[in-house]
Every structure is written in structure tokens, then in C-alpha cells.
Amino acid sequence: MKNEEAQIGTLLANLWERSLPTLHERLNILDRAALEGISGNLSETSRIEALNVAHKLSGTLGMFGRHQGTEIAREMEQLLSAPIPAAALPRLVTLAASLRQALFPN
């Protein structure tokens with residue numbers, strides 16, 4: 001049983017490493033949407049793209065044991081699920097930064 005768990009852990013670690021370029025692209029999309037929002041220029045296209053990214057992340061980060069990231073991505077998904085009121089836009093910036101920090105604390 002321990003050998004199987006070790007193999008699964010190794011497979012997940014390898015998969016995480018291979019997914020890093022895509023993960024960074026997705027985080028960049030969220031950062032860009034947050035910055036567009038705070039500057040008052042968040043287009044519907046950017047909002048929907050960011051919503052799709054947040055949805056994907058909320059669904060996959062838990063598989064890698066990144067539960068805090070999952071929770072942040074879920075909150076972002078909820079926030080992005082409809083046009084964002086101006087008063088909520090700073091929260092999007094905070095969440096984008098928090099998600100990056102949760103996944104890459106260094």
C-alpha cells in the first residue's frame with residue numbers, strides 16, 4: 001500500500017511539474033483580468049476567459065493537494081460569474097495575488 005501511495009505521489013509530482021507552464025498562463029490571465037477590472041477596462045470577453053480559468057483551477061488544484069488554491073479559485077469563479085460591480089473589483093485583485101501566493105509561496 002505504501003509503495004502504491006509513493007508511486008501516486010511521484011506521478012502527481014511529475015504531472016504538477018509538467019502543468020506549470022499552463023498554470024502560469026492561467027494565473028497570468030487572472031492577473032490581467034484583475035488589472036483590467038481595477039482600471040475599469042474589464043471586457044466581457046476577459047471576464048468570461050477569467051471565469052473559465054478560475055473554474056478549471058478550482059476543479060484541478062485539489063487533485064494536487066493545493067486546497068487553499070482551490071478555495072481561492074472558487075471564490076474568484078463566484079465573483080466572475082456575472083458582471084462585477086465596481087466595488088468588488090479590488091477583491092478580484094486580492095484574490096489573484098492570493099492564488100499566486102498560495103501556489104508559489106516563495
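The values are calculated or read from the model by the stated rules, or taken from the named source; none is laboratory data. Only a predicted model underlies this, so the values are computations on that prediction, with no experimental measurement involved. When we count neighbours, we look across all protein chains shown, and the Cβ atoms used for this are built from the backbone with ideal geometry, even at glycine.
Out of (1) surrounded by fewer than 19 Cβ atoms within 10 Å (Cβ to Cβ); (2) outside any helix (DSSP H, G or I), what's the single condition that is false for residue 31?
Going through (1) surrounded by fewer than 19 Cβ atoms within 10 Å (Cβ to Cβ); (2) outside any helix (DSSP H, G or I) one by one, residue 31 breaks only (2).
What residue, of 94, 70, is free of Cβ contacts under 8 Å to residues at least 24 places away in the same chain, polar (S, T, N, Q) and more than 26 Å from residue 9 (Cβ to Cβ)?
94
Residues that are modelled with pLDDT of 95 or more and loosely packed, with under 15 Cβ neighbours inside 10 Å: does the range 5-17 have at least one?
No, the range 5-17 has no match at all.
Quick one: which of 30, 89, 57, 61 is under 19 Å from residue 105 (Cβ atoms) and touching a Gly at 6+ places or on another chain (Cβ under 6 Å)?
61
Find all pairs meeting these conditions: Cβ atoms under 7 angstrom apart; at least six residues apart or on different chains; first residue within the range 10-29 and farther than 14 Å from residue 66 by Cβ; second residue modelled with pLDDT under 95.
Within 7 Å, no pair qualifies.
If you go through the range 76-97 one residue at a time, how many are in a helix (DSSP H, G or I) and either of a type in the set (A, V, I, L, M) or surrounded by 18 or more Cβ atoms within 10 Å (Cβ to Cβ) (or both)?
Qualifying residue count, the range 76-97: 13.
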